[in-house]
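For reference, the structure is listed below as structure tokens.
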């Protein structure tokens, strides 16, 4: 079963600020690896602390913060950014 990817407005703005090649790489990773797999938990790591319940996906030096909604099989992309800034 494939998952559906939904981008929040903040994530879209953050993606648009990135270089075109980085943006394409992130979207392809989410579509071809994470969403196409039967279980998106295989690729990301669960976050801890105040971000508990969210998952982080690593794409080079960039991180994609997501929330998995199991009822609708939706991957909600909340934030995209460089690894030194995205967790703040």
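The values are calculated or read from the model by the stated rules, or taken from the named source; none is laboratory data. This structure is a prediction, so every number in the text was calculated from the model and none was measured. Heads up, the Cβs are rebuilt from the backbone with ideal geometry, glycines too, and the neighbour counts pull from every protein chain shown.
Data for the structure
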| read-out | value |
| --- | --- |
| Test: residue 78 is touching a helix residue (DSSP H, G or I) at 6+ places or on another chain (Cβ under 9 Å), at pLDDT 95 or above and part of a helix (DSSP H, G or I) | no |
| Qualifying residue in the range 5-18 (condition: under 18 Å from residue 86 (Cα atoms) and in a strand (DSSP E or B)) | yes |
| For residue 72: the one exception among (1) touching a strand residue (DSSP E or B) at 6+ places or on another chain (Cβ under 9 Å); (2) part of a loop (DSSP other than H, G, I, E, B); (3) within 17 Å of residue 11 (Cα to Cα) | (3) |
| Verdict on residue 53 being on the phi > 0 side of the Ramachandran plot and either part of a loop (DSSP other than H, G, I, E, B) or in contact with a helix residue (DSSP H, G or I) (Cβ under 9 Å, 6 or more places away or on another chain) (or both) | yes |
| Criterion violated by residue 34 - all others in (1) more than 12 Å from residue 74 (Cα to Cα); (2) in a helix (DSSP H, G or I) satisfied | (1) |
| Index of the failed condition, residue 84 passing every other in (1) in a loop (DSSP other than H, G, I, E, B); (2) under 9 Å from the mean Cα position of the chain (by Cα) | (2) |
| Qualifying positions in the range 32-69 - within 19 Å of residue 12 (Cβ to Cβ) and out of contact with any strand residue (DSSP E or B) (no Cβ under 8 Å at 6 or more places or on another chain) | 59 |
| Residue within the range 50-66 that is closer than 13 Å to residue 6 by Cβ and surrounded by 16 or more Cβ atoms within 10 Å (Cβ to Cβ) present | yes |
| Test: residue in the range 27-39 that is crowded, with 17+ Cβ neighbours inside 10 Å and touching a residue at least 60 places away in the same chain (Cβ under 8 Å) | no |
